[in-house]
Amino acid sequence: MTEVAPTQSPAPAGEITLEAGAGGFGNVENEATVLGIRQQTQFGDVRRRFFRHKLAVVGLVMVGLVFLAAIASPVIATRPPKAQDLTNTLQEPSSAHWFGTDELGRDQFSRVIYGSRIAVTVGLASIILALVIGVTLGAVSGYLGRGWDAVIMRTADVFFAFPLIIGAIVVILVMGRGVTPVVISLGIFSWATIARLLRSSILSIREAEYVEAARSLGAGKWRIVTRHVLPNSMAPVLVYAMVSVATAIVAEAALSYLGAGVQPDVPDWGNMISAGQKFFGFKDYLWFFPSMAVVFTVLGFIFVGDGLRDALDPRLR
Amino acid sequence: MGKYVVRRLLQMVLVLFGASIILFLALFVIPGDPIATSQGEGHQLDKASHDAIARRYHLDQPLPQQYVGYVGRLLKGDLGESYSYRRPVTTIIREKIGNTAKLAVAAIVLEIALGIIAGIIAAVFRYSFLDVLVTLSTTVAIGVPTFVIGLALQNVFAVNLHWLPLQGQQAGRESIILPAITLAAVNIALVARLMRGAMSEVLRADYIRTAYAKGLSKRVVIMKHALRNSIIPVLTYLGISFGALLGGALITETVFNWNGIGLALVGAIQQQDNPIVLGVVTYGVAVFVVVNLIVDISYAFLDPRIRLE
Amino acid sequence: MTEPLLSVEDLRVHFHTDAGVVKAVDGVSWSVAPGETLGIVGESGSGKSVSALAVMGLVPVPPARYESGRILFKGRDLIAADEKERRAIRGKEISMIFQDPLTALNPVFRVGHQIAEVIQAHEKIGRIPARAKAVELLGEVGIPNPRQRAREYPHQFSGGMRQRAMIAMALALDPLVLLADEPTTALDVTVQAQIMDLLIRLQADRGTAIVLITHDLGLVAGHADRVLVMYAGKVAELGTIDDVYYRPRHPYTLGLLNSLARMDQRRTDRLRPIIGQPPSLIRVPPGCAFHPRCPFATDVCRRDVPALEPKDGPDHLAACHHADQVELQQSPAAS
Ligand SMILES: Nc1ncnc2c1ncn2[C@@H]1O[C@H](COP(=O)(O)OP(=O)(O)OP(=O)(O)O)[C@@H](O)[C@H]1O
Ligand code: SF4
Ligand SMILES: [Mg+2]
């Protein structure tokens, strides 16, 4: 239901890439097997391959800068983000106002810097939420199987029926606008792919030799899951989560742009683009800088995700 | 095959059931008194007329009964109506579906033409300059949010070059060009990547070597033997994304003020006309699920290994 | 021996990979005459498939490179030929069948169509007669009910039937040479025998030259006229079946034969006969590549690459510095 569907609605994209072994995450079952056999001992290898990947390092730097902006906003910003200055409205970018000012005279540079806080918070928190739900349900589904599996996977199907933005809009309708509703809405409409990925990954790993060995040594189910199965099935999930952070940041900006995200007065990239559009064609810096902020952040996470994928499974290059 | 179709149908019913519960709960727990809200700020209702309205919208019944009524109405094609305008959602959808469909078709044509070709080229000339170009441009296309793409295109082609209209549909045929590109951009990139991955994998298959061993030309091997195998997942993806597009392109329609379902939905969100929002969402989910089913079944038709099970 | 139909001369195919240069085929020569069967044996990775694929022009270039050699077919050098010329030969005059019939057929096209396709690629013939010819061929390779089977997809065929279909495809245009790369390895023992019988029968009818690549010394003994033993991308020994099996002149061949004698006949499909691993083709040992595993090895073996030279007679070649001793110590040695 939304044109950003593929990035924003990971459901179809995720699923198809599984089948095609394509652009995304490759054939997860094979990948899991490969990774499973390799075990975690090769962490050093993974790290080495990641840092050899130039784009991944660039991505890491980009993401690092965004985090820095978020943490140190008050230091970096030249004004308070909500401070109005009615004598200095709609100023073009200048040495005083690097990104210009809006119709209330608010300093756009400071607002873009503060905007990173929303982006980072929503991106991380919503994916952490999705990971908590998705990993728990995926592990239960993959490891306990049977009835649990059926119920959880059918539930996941239901959540797949909602493209991300649409699902989020429903939740926000109920909870109202704001950071928390956005985080929750993106989280509960992102867990399903994670659960599926983890489940298929677990299914291929639980038959692996070392799991069999642990089982024959009498290790308990829970111990087997947490000590042996999970660590070895997480690779595709982590790659997916990294890209999902980018997806969530885009979705948040889109929701705010559409008027269904955070409160309109919050310094937020989506809000700024939406507000700046009123002056489209003559004050283009108003939407340009926040747009570039979104692009910068999103590309950073995508590069890191790509690098992580290649590092975890060089076969997929 | 028959069994497969039946199983998928049952699955779809289950999904729609689950989705309807979520939507119903949303409708029910939306904060505030919908009746009071619908009367506008500061307008007090007496008890009698309040109850009358409650009866009209079945708000006086217990929850399960309301749910049954809700599903019954959905099955009859009643997606509810706006509290404030008293206009059925289905009417709104009927008015806008043409515009949304036009845009969706234009976008899917671009996705097929550009995405598939770029993917094939990248796979066939793997690691060449063209491949790197495709990989880079798809990464960027995926990284740039749709509304930014739209704004940038507007700025360049409408504001600066005056080649194409900025917004709306008044300018005739040309007005669809920018929205279609905007709507398709991310999907073109994803289709290209998907195609590249599927094609590179298939090109390593034994049967491709067999095809060459038969003395077939490279063109026939790629465009017939390899394409026929690698296109199946790509078509599935295209089908699914088309289903999503038919539900309305929220962002593109907003950026270009394109009078489709997505724009209606965004308008309703901004006016807090919740029944319209939920009605349109319900429609979108239903279309999405049904198109997915059709795609899954056609997938089976394309792959004899599934068809003949 | 009649004039060779196809001869490979000093062929070198090297893969330039990230890990280094893989000398998959490194100075190999052999030939086949019309109606003759040449067996090629050797451990996994010794370069058997790559040499056959090189004849077909199907080695991926890059990463592969033809470092030297000629492939002469009817007086023309195929390596020097352009793609169009090679394509006209592939599938028509020289064809190939592969080890794994499960994956060698395209899963989304009907079997009959895949056979008709090779006919149509080389002959001016309509779709319908090509289909009819495909059905006829399926019948000829022993597929019951060929008319109906032609309309089925590969996954509806058993492994043996798929290999029969591959054979039908390969022999559709009566090629002069058939390269059979482990045609029976993936099949059950009884099916293996049937497929070999089929190949032999078709060969007798058409006078096809067959290059039979296999791990199975027994198969070669039963069906080939001459045998080529490959080791680490090079020829270790070449000669008639009688010469090589009864008077081996290379310690590697000797080891293979000893292990064959020791093993149950039925279980000879995988050659793992000699102590030690075949060398990495990136780092081939200096001198004779076999020396780390050879019970006859001396200093000269570690230093000089032995030349492939006639032993006993002009048609029995071996590449070993101590070929004479091989005969002397024949029976109990090498084990
Ligand atoms: N595309 C390729 N890229 C790199 N190396 C290759 C490639 N194809 C083959 N090789 C290498 O060439 C060597 C010879 O391979 P080849 O397939 O000819 O062996 P083989 O004798 O047929 O073995 P098997 O009995 O296992 O089929 C192997 O070491 C293999 O790793
Ligand atoms: S040359 Fe030497 S090492 Fe090589 S096979 Fe002969 S005896 Fe053995
Ligand atoms: Mg081989």
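Before moving on, here are some points about what is shown:
- Accessible surface ranking for B:96, B:218, C:23, 1.4 angstrom probe, highest first: B:218, C:23, B:96.
- Cut-off under 5 Å, modelled amide H: who pairs with residue C:67 long-range: C:12, C:13, C:14
- Relative to the longest principal axis of the Cα atoms of chain C, the long axis of helix C:189-206 lies at roughly 80 degrees.
- Value at 222 nm in deg cm²/dmol, rounded to 500, when DSSP H runs of n ≥ 4 in chain B each add -39,500 (n - 2.57): -22500 deg cm²/dmol
- Estimated [θ] at 222 nm from DSSP helical runs (n ≥ 4, -39500 (n - 2.57)) normalised by residues in chain C, nearest 500: -10000 deg cm²/dmol
- Under 30 Å of direct C-alpha separation, and excluding same-chain neighbours fewer than eight residues apart, residue A:82 reaches these lysines: A:278, A:283.
- Share antiparallel - DSSP beta bridges, the protein assembly as shown, percent rounded to 5: 65
- Solvent-accessible surface of the stretch C:6-229, taken per residue with a 1.4 Å probe and all protein chains present: 37 Å².
- For chain B: accessible area per residue (Å², 1.4 Å): 45
- Shape class of chain B from the alpha-carbon gyration tensor: oblate, with a/c at 1.5 or above and b/c at least as large as a/b.
- 0 to 90° range, to nearest 10: angle between helix C:159-171 axis and chain C longest Cα axis: 80
- Here residue C:29 and residue C:189 are evaluated by their C-beta separation; at R0 = 41 Å the FRET efficiency comes out at 0.75.
- At least 24 Å along the helix axis (C-alpha) and Kyte average at least -1.0, DSSP helices within chain B: B:2-29, B:89-110, B:177-203, B:227-246, B:274-302
- Accessible area ranking (1.4 Å probe, heavy atoms, ligands and nucleic acids excluded), largest first, for A:79, A:227: A:227, A:79.
- Burial of accessible area (probe 1.4 Å, heavy atoms of protein chains only) in the stretch C:85-109, relative to its chain alone, reaches at least 20 Å² for C:87, C:90, C:98, C:103, C:104, C:106, C:107, C:108, C:109.
- Exposure ranking of B:250, B:136 by accessible area [1.4 Å probe, largest first]: B:136, B:250
- Portion, in percent, of the accessible area of the stretch C:6-229 that falls on carbon or sulfur, probe 1.4 Å: 51
- Accessible surface of residue C:185 - all protein chains present, 1.4 Å probe, nearest 10 Å²: 40
- Rounded to the nearest whole angstrom, the semi-axes of the ellipsoid equivalent to the protein assembly as shown, taken from the Cα gyration tensor as √(5λ), stand at 65, 31, 27, largest first.
- Buried accessible surface for the C/B pair, both sides summed and rounded to the nearest 100, is 2100 Å² with a 1.4 Å probe.
- With an a/c value of 1.5 or above and a/b not larger than b/c for the gyration tensor axes a ≥ b ≥ c computed over the alpha-carbon atoms, the stretch C:133-187 is described as oblate.
- Accessible area buried, both sides summed, chains B and A with 1.4 Å probe, Å²: 4800
- Net charge contributed by nearby residues that have their C-beta within less than 10 Å of residue A:206 (K/R +1, D/E -1): -1
The values are calculated or read from the model by the stated rules, or taken from the named source; none is laboratory data. Remember, it's a predicted structure, so these values are computed and weren't measured experimentally. Don't worry about glycine lacking a Cβ; one is built from the backbone with ideal geometry, like all the others, and counts go over all protein chains shown. Only protein heavy atoms, including side chains, enter the accessible area calculation; ligands, DNA and RNA are left aside. Shrake-Rupley method; radii C 1.70, N 1.55, O 1.52, S 1.80 Å.
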